[in-house]
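Colleague: Below is a structure I'd like to ask you about.
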Amino acid sequence: MSSFVVAIDGPAGSGKSSVSKAVANRLKFGYLDTGAGYRAYAIWASENPDSHDFPYWISTDPNSVKVLVGEVDVSERIRTEEVAALVSEYAQRPKVRELQRQDARRRISECEAAGIVVEGRDITTVVAPEAQVRILLTASEGVRLNRRGLEGTESAENLVSRDQKDSKVARFLDAAEGVTVIDTSDMDFEQSVQAVLAEIARIRN
Ligand code: C5P
């Protein structure tokens with residue numbers, strides 16, 4: 001079980017996923033992308049509206065993030081605009097959030113690496129408020145839209161409306177008590193990774 005938890009929250013396009021994955025890689029920690037769980041759930045629930053189970057699996061290896069729903073590998077499909085447009089609606093539902101919260105906690109406790117980086121919207125406040133390191137990774141809206149535009153994975157309209165809906169059910173637009181804000185608006189990718197590593201080193205030493 002991982003004894004050291006790094007919790008990272010932030011809005012869409014803040015660079016959470018790529019930065020968290022790189023940090024986990026460098027520290028040889030596990031990595032959990034909780035947004036992937038919500039995205040996979042949106043696919044499953046939209047295609048199986050009457051189902052009560054959710055056969056979901058995600059790896060916690062930062063070198064090979066794989067997401068399965070049943071036997072189907074949805075690792076690429078969850079990143080599509082179609083899924084990005086659906087996901088927030090499901091994330092509003094308290095039962096869905098509870099299921100995801102339990103799933104994330106179980107994966108954190110089962111991860112065998114020395115530590116784990118967990119990223120999402122409610123990790124510092126709800127999923128792992130007791131994490132040793134708690135970070136809000138953010139960037140100005142212009143910078144976030146620009147980054148998503150370069151990736152080509154989501155329209156500006158969808159990103160803005162997703163943040164607006166998501167912020168009704170999770171606190172990630174400002175930092176809760178004890179959470180360190182890292183604003184990456186003026187940082188490139190490597191500087192963002194270094195800023196997170198420095199915060200982890202500050203707590204560990
Ligand atoms: O992080 P990502 O953009 O992949 O998250 C997809 C969606 O999953 C978010 O827009 C939000 O609706 C939901 N989510 C959440 N809580 C988390 C992670 C993601 O509500 N911890």
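Only the coordinates and a few stated rules stand behind these numbers; no lab work does. Just so you know, these numbers come straight off a predicted model, no measurement behind them. Neighbour counts run over all protein chains shown; Cβ positions are idealised from the backbone, glycine included.
Colleague: Using Cα pairs under 8 angstrom and six or more residues apart, how large is the relative contact order of the chain, in percent? Write out the running numbers ahead of the final one.
Modeller: Details: 324 pairs, mean separation 72.6, N = 205.
Relative contact order for the chain comes out at 35 percent.
Colleague: Gain in length, residue 201 to residue 77, computed as 0.36 nm per residue apart minus the alpha-carbon separation, to one decimal in nm?
Modeller: 41.1 nm
Colleague: Taking amide H positions as placed in the peptide plane 1.01 Å from N, state which residues far from residue 31 in sequence (5 or more) or on other chains have amide H under 5 Å from it.
Modeller: 61, 117
Colleague: Only four residue types carry charge here, +1 at the Cβ of Lys and Arg and -1 at the Cβ of Asp and Glu. Report the dipole size of the range 28-138 about the Cα centre in Debye, rounded to the nearest 20. Write down the numbers at each step before the final one.
Modeller: Numbers: 14 positive and 18 negative charges, 86 e Å.
The calculated dipole for the range 28-138 is roughly 420 debye.
Colleague: Would you mind calculating the gained length between residue 48 and residue 185 on full extension (0.36 nm times residue separation, minus the Cα-Cα distance), in nm to one decimal?
Modeller: Net length gain for the segment: 45.3 nm.
Colleague: Excluding same-chain pairs closer than 8 in sequence, count the lysine pairs in the chain whose Cα atoms lie under 21 Å apart.
Modeller: Summing the qualifying lysine pairs gives 8.
Colleague: Rg(Cα) of the range 147-195 divided by 2.2 N^0.38 Å?
Modeller: Rg over 2.2 N^0.38 Å, computed on Cα atoms: 1.38.
Colleague: What is the Rg over Rh value, at two decimals, for the range 62-162, using alpha-carbon atoms and the Kirkwood definition of Rh?
Modeller: Radius of gyration relative to Kirkwood radius: 0.96.
Colleague: With a Förster radius of 22 Å, plug the Cβ-Cβ distance of residue 177 and residue 112 into 1/(1 + (r/R0)^6) and report the FRET value to the nearest 0.05.
Modeller: Plugging the Cβ-Cβ distance into 1/(1 + (r/R0)^6) gives 0.10.
Colleague: Using a simple charge model, +1 on the beta-carbon of Lys and Arg, -1 on the beta-carbon of Asp and Glu, nothing else, what dipole does the range 104-205 show about its Cα centre, in debye to the nearest 20?
Modeller: For this selection, approximately 340 debye.
Colleague: Sticking with this structure for a sec: How big is the Kirkwood radius of the chain, worked out from every pair of different alpha carbons and given in Å to one decimal?
Modeller: Roughly 17.0 Å, rounded to one decimal.
Colleague: Relative to the Cα centre, what is the charge dipole magnitude of the chain, using +1 at the beta carbon of each Lys and Arg, -1 at the beta carbon of each Asp and Glu, and rounding to the nearest 20 debye? Intermediate results must be reported in sequence, preceding the final value.
Modeller: Values: 26 positive and 32 negative charges, 94 e Å.
That gives a dipole near 460 debye.
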